[in-house]
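See below for the structure under consideration.
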Amino acid sequence: QVQLVESGGGLVQAGGSLRLSCAASGSIFSINGMSWYRQVPGKLRELVAHISIGGSTNYADSVKGRFTISRDNAKNTVYLQMNSLKPEDTAVYYCRLVADSRLYWGQGTQVTVSS
């Protein structure tokens, strides 16, 4: 059984920074990609950032230049460094893992940015 444990969310003022972490544990043979999504009430979950097995990254236009996704393969952990946060970044952030042809989601961590 694969589990994803997220941490790092919280309350921050506009312009501030937060770093999210997502650690995968369990029986994992091969990770294909790791991503961060976010969701606000009444809206669809949206992709924030993705990092492939080879390390290539892509970002939502709304976070380009402010957020950075990275991974530690030895720890099966993915990070999301969020700088210059804006109130519109407020959401529940979810980690997503594709491994061994299966899809896994974390439990979500709340990020609240006050103006």
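The values are calculated or read from the model by the stated rules, or taken from the named source; none is laboratory data. From a predicted model like this one, the values you see are computed outputs, not experimental measurements. Virtual Cβ from ideal backbone geometry, glycine too; neighbours counted across all protein chains shown. Areas reflect the complete protein model, heavy atoms only, side chains present, ligands, DNA and RNA absent. Shrake-Rupley method; radii C 1.70, N 1.55, O 1.52, S 1.80 Å.
Computed values, structure above
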{"item": "Filter result (out of contact with any Gly (no Cβ under 8 Å at 6 or more places or on another chain), in contact (Cβ under 8 Å) with a residue 60 or more places away in the chain, open to solvent by 60 Å² or more (accessible area, probe 1.4 Å) and in a strand (DSSP E or B)) within the range 95-111", "result": "Arg102, Trp105"}
{"item": "Hits in the range 77-88 - residues which are open to solvent by 60 Å² or more (accessible area, probe 1.4 Å) and either hydroxyl-bearing (Ser, Thr, Tyr) or closer than 17 Å to Gly108 by Cβ (or both)", "result": "Ser84"}
{"item": "Residues located in the range 48-74, provided they are in a strand (DSSP E or B) and either acidic (Asp, Glu) or in contact with a Ser or Thr (Cβ under 6 Å, 6 or more places away or on another chain) (or both)", "result": "His50, Ile51, Ile69, Asp72"}
{"item": "Enumeration of residues in the range 1-30 that are more than 17 Å from Lys86 (Cα to Cα), among the hydrophobic types (A, V, I, L, M, F, W, C), open to solvent by less than 60 Å² (accessible area, probe 1.4 Å) and not in a strand (DSSP E or B)", "result": "Val2, Ile28"}
{"item": "Val92 vs. criteria farther than 23 Å from Ser115 by Cβ and in a strand (DSSP E or B)", "result": "no"}
{"item": "From Ala74, Ala49, Ala91, residue being open to solvent by 60 Å² or more (accessible area, probe 1.4 Å), among the small types (Gly, Ala, Ser) and closer than 20 Å to Val5 by Cα", "result": "Ala74"}
{"item": "Residue that is nearest to Ala99 (Cα to Cα) [pool: residues in the range 54-69 that are open to solvent by less than 50 Å² (accessible area, probe 1.4 Å) and within 14 Å of the chain's Cα centre (by Cα)]", "result": "Ile69"}
{"item": "Condition check for Gly33: under 22 Å from Gln3 (Cβ atoms), open to solvent by less than 60 Å² (accessible area, probe 1.4 Å) and modelled with pLDDT under 95", "result": "yes"}
